[in-house]
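I have placed the structure first, in the form of structure tokens, so that the comments after it can refer back to it.
Throughout, read-outs are computed from the coordinates displayed, never taken from laboratory work. Values in this document were obtained by computation on a predicted structure and should not be read as measured data. Heads up, the Cβs are rebuilt from the backbone with ideal geometry, glycines too, and the neighbour counts pull from every protein chain shown.
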Ligand SMILES: Nc1ncnc2c1ncn2[C@@H]1O[C@H](COP(=O)(O)OP(=O)(O)O)[C@@H](O)[C@H]1O
Ligand SMILES: [Mg+2]
């Protein structure tokens, strides 16, 4: 019936087109935007490409002057020297919401400067970052914001840190923090994988048809184990992490537990399939010697499945490092969490460091697991 | 003495692999079982040590009812019955030594064996068994690194570890060429001369004549012949093997 088939195919085509249109719509797909908005992403991408990995040892010198806001709210006892490192404001005091110019003389040349307010309650507020020129001079416009106002007759102080590099490069704090967080993620994944292996390995034998599917009890055990593994596998790690977060609140532990549960299911299934694929002949031979069931498993099954088991374990460790990065991002600690914090604080260079670390570790784990699997087959 | 009484086996799929088979095997015999592929030889041998449970009938070994033995007793019976297979059935990734030692699993402390600890004298026994089949130097190799003939010798060494009174050999040379076949069967013949009863399924008339003290023939699960090897001439062989007899003889030369 060619007409019927043509109609059917046309309908199918229409359905596909409709489905595509809907997906286009709900994704708010706007491909030209990828290029139109490129300039917006440029700084971000540049920042990511210049991760914060090394710093120089810095020599920090601080000069400060009191600065009453508004004028007369506190006595002004600043004595500005005529030479040597000194700060010279264009006015001695000012009213809130006005701006004035701050100049500095004879500071360390070509150095980074941090200009900040030290409020009467000792809190610090960074105002401006800038640099001195080759003469050790800078000038900068400073705004007197209302929050800086004098309190109880104590004026806020203007502080300027001069940062001069001394000595060679050393790993930056960001790099150290990233290494720390990465370490946490890798070991969180290792812990999940290890616990999951310890639980899944024995259970997988119960879920292997050639081991248990015998008699009423064995067959029930087999189907029950299969069922449990399948149900556990139905949850993906992220939703599992959310369930555990309700129970254990956020942090690395619930993330690791969620990962463990998912890994038990996945490894259990893979392990039991490895057990099912073993050569039956050698099992028969062991039974024929009068070996008991445990001995048969130990001498007949285990040697045959060990290479498969190891390669699945390493593979899951690899996967779990990736997943725990994502779980970390939603609050589970480790490198994902660090990345999330850096992004929220607009610390793009730090975020870049974290991303580079993730890329390198994921690549290395992938390489390692592929290598191990290659060796074992 | 082994007594097989009215043995029948119907597989779950409905295949009747054995139909009311009865015969006896005296101690010290080299009984050869012949029959076409699918005639029930493997099923028969596996019913003797109950790797397969027969549907009906009895197997008595030294007046003990093997078919009624509970698990623990069955394992005690099995450890005195060595078994050799067509596909050797070694654990390929394990060493030759471990494969041979595993023949002793029915005797040693189960817990020690589970953690892989073997007494020194068992290791010595394993080396002796390997020595008897001429491959003591292969003890440390992985089983699958050996040739077919060598693997079958490991299979015999494993059976020897059981200190067997009876050896069941299921087409032990069907995967080997004629020269190797003789070398393997000669080991079995030697063990037989030392007093071990052998029940062995074979395909080739010349091998049957050379090694059998008595022959049982199966056809479609039914015992169609029982007698001395001399009674089996070409005509009889052809009767048992039907049209394929020509091929079988040709292959054996
Ligand atoms: N596990 C099994 N399940 C179902 N049928 C089987 C099984 N093993 C053997 N059979 C059938 O039983 C018959 C006898 O097989 P077998 O004992 O292996 O014969 P042989 O060893 O003489 O070739 C054959 O028809 C075979 O297909
Ligand atoms: Mg067979």
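Here are the numbers:
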{"quantity": "Within 10 Å of each Cβ in A:297-307, the average number of Cβ atoms from other chains", "calculated": "4"}
{"quantity": "Inter-part distance where the range B:42-60 and the range A:238-261 are each reduced to a Cα centre, Å", "calculated": "54"}
{"quantity": "For chain B, calculated [θ]222 nm from helices alone, where every DSSP H run of n ≥ 4 adds -39500 (n - 2.57)", "calculated": "-10500 deg cm²/dmol"}
{"quantity": "Averaged over B:83-96, number of beta-carbon atoms from partner chains that fall within 10 Å", "calculated": "5"}
{"quantity": "Shielding by partners - mean other protein chain Cβ count within 10 Å, residues of B:44-52", "calculated": "2"}
{"quantity": "Ranked packing of A:230-242, B:45-57, most packed first, by mean Cβ within 10 Å", "calculated": "B:45-57, A:230-242"}
{"quantity": "Ascending count of other beta-carbon atoms within 10 Å, so fewest first, for A:272, A:249, B:39, A:82", "calculated": "A:82, A:249, B:39, A:272"}
{"quantity": "For chain A, built as a Gaussian network whose Cα springs stay under 10 Å, the top-fluctuating residue of A:261, A:221, A:26", "calculated": "A:26"}
{"quantity": "Computed [θ] at 222 nm, deg cm²/dmol, chain A (DSSP H ≥ 4; -39,500 (n - 2.57); rounded to nearest 500)", "calculated": "-19000 deg cm²/dmol"}
{"quantity": "For chain A: relative contact order, % (alpha-carbon pairs under 8 angstrom, 6 or more apart)", "calculated": "17"}
{"quantity": "Residues in the range A:112-144 that a label on residue A:60 would reach, taking backbone N under 19 Å of a point 7 Å out along Cα→Cβ", "calculated": "A:112-132"}
{"quantity": "Choice from A:51, A:254, A:68 showing the highest fluctuation, given a GNM over chain A with Cα pairs closer than 10 Å", "calculated": "A:68"}
{"quantity": "Exposure proxy order (Cβ contacts within 10 Å, fewest to most) of A:363, B:118, A:317", "calculated": "A:363, B:118, A:317"}
{"quantity": "Ranked B:220, B:177, criterion: other C-beta atoms within 10 Å, fewest first", "calculated": "B:177, B:220"}
{"quantity": "For chain B, built as a Gaussian network whose Cα springs stay under 10 Å, the top-fluctuating residue of B:104, B:158, B:125", "calculated": "B:125"}
{"quantity": "In degrees, nearest ten, helix A:173-206 long axis to first principal axis of chain A (Cα)", "calculated": "20"}
{"quantity": "Degrees between helix A:348-376 axis and first principal axis of chain A (Cα, 0 to 90, nearest 10)", "calculated": "20"}
{"quantity": "Euclidean distance of C-alpha centroids, the range A:79-97 and the range A:153-202, integer Å", "calculated": "39"}
{"quantity": "For the range B:1-74: rounded, prolate or oblate by the Cα gyration tensor [a/c cutoff 1.5]", "calculated": "oblate"}
{"quantity": "Mean Cα-pair separation over length for chain B, i.e. relative contact order, pairs under 8 Å, 6 or more apart, %", "calculated": "27"}
{"quantity": "Angle between chain A longest axis and helix A:38-49 axis [Cα atoms, degrees, rounded to 10]", "calculated": "80"}
